[in-house]
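In what follows, a single structure is set out as structure tokens and then discussed.
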Amino acid sequence: MPELKGPVWLMQPIPYWGEELQGEWIYEPKYDGWRLQVIRYRDGRVELWGRRLEKRPNWTERLAFLSERAGELFPEGILLDAELCSDRGRDFVVSLFSRRPRAKPLVYVFDVIFYGGEFVGDRSLFERKKILEGLGFADPFFMVRGERLRDIKEALASALERGHEGIVIKETGSPYELGLDGPIATLYWRKIKGTLYGPQKREG
């Protein structure tokens, strides 16, 4: 059983090619930001890391304002999978690392990998979302709940209309798979961008 000792290789989605899906799925907006893992250890320390661990992306000090806020909001022994965005779009995410950010941070949390110091990736996505629902989210951290997937084209069109680059669909009974030496690209998460079904028409 994995232990919470530090950052992990975050699971990655693969493209969806239109095949028939089995089981129950949800969809989430595909946020256009930088992948972020939020860790609060059992001793109360907080660390913020990116996903490309081979580059040692420890962002704790450079995002000190987010580290402090995470320590106020989240319990000890937790590791959250999230996306770091800005209210001015992806191009301004890098400014969040400066002393004078030119945008407001927005952190969208969509999964939990450790909770209470224990690995919960062996639980279903549905159960992990329930854990997230019990946390005390507040600005600038927001929970991504996901919506039941009924029609992929409609879900994609809705996300595009709201300004997202696409959607990520996820199987609700799926585990969170951790890689030992690199990220696992999983069939349980499938990313769909606006080009899959051809150009999307937007009104207005």
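Each value in this text was obtained by applying a stated rule to the coordinates, not by laboratory testing. Computed from a predicted model, the values in this text were never measured in an experiment. Because the Cβ atoms are built from the backbone with ideal geometry, glycine has one as well, and the counts that use them run over all protein chains shown.
Given the structure, is D122 within 27 Å of G194 (Cβ to Cβ), assigned to a loop (DSSP other than H, G, I, E, B) and of a type outside the set (S, T, N, Q)?
Against the criterion (within 27 Å of G194 (Cβ to Cβ), assigned to a loop (DSSP other than H, G, I, E, B) and of a type outside the set (S, T, N, Q)), D122 does not qualify.
Conditions: (1) closer than 28 Å to W17 by Cβ; (2) in contact with an Asp or Glu (Cβ under 6 Å, 6 or more places away or on another chain). A103 meets all but one. Number of the miss?
(1)
It is to be established whether one or more residues within segment 116-131 are over 14 Å from the mean Cα position of the chain (by Cα), on the phi > 0 side of the Ramachandran plot and not charged (D, E, K, R).
Within segment 116-131, one or more residues are over 14 Å from the mean Cα position of the chain (by Cα), on the phi > 0 side of the Ramachandran plot and not charged (D, E, K, R).
Search segment 15-62 for residues being of a type in the set (K, R), surrounded by 11 or more Cβ atoms within 10 Å (Cβ to Cβ) and more than 19 Å from the chain's Cα centre (by Cα), and hand back the single one that is nearest to E165 (Cα to Cα).
Going through the qualifying residues, I end up with R62.
Need at least 2 residues that are among the aliphatic types (A, V, I, L, M) and under 30 Å from A155 (Cβ atoms) per element, so show me which strands (runs of 3 or more DSSP E) inside segment 25-89 make the cut, counting only ones lying wholly within it. Walk me through how you get there before you give the answer.
On the way: elements: 25-29, 34-40, 46-49, 78-86.
Ranges flagged: 34-40, 78-86.
Please pick out the residue among L125, L79, L132, L106 that is touching a Cys at 6+ places or on another chain (Cβ under 7 Å), surrounded by 15 or more Cβ atoms within 10 Å (Cβ to Cβ) and closer than 23 Å to I169 by Cα.
L106
Any chance segment 3-15 includes a residue that's within 22 Å of K193 (Cβ to Cβ) and part of a loop (DSSP other than H, G, I, E, B)?
Yes, segment 3-15 contains at least one residue that is within 22 Å of K193 (Cβ to Cβ) and part of a loop (DSSP other than H, G, I, E, B).
Quick one: which of P7, P15, P57 is closer than 16 Å to V168 by Cβ and not hydrophobic (A, V, I, L, M, F, W, C)?
Criteria check complete, one pass: P15.
Look through segment 172-196, keep the residues that are among the aliphatic types (A, V, I, L, M) and assigned to a strand (DSSP E or B), and return whichever of them is nearest to R56 (Cα to Cα).
Here the answer is A185.
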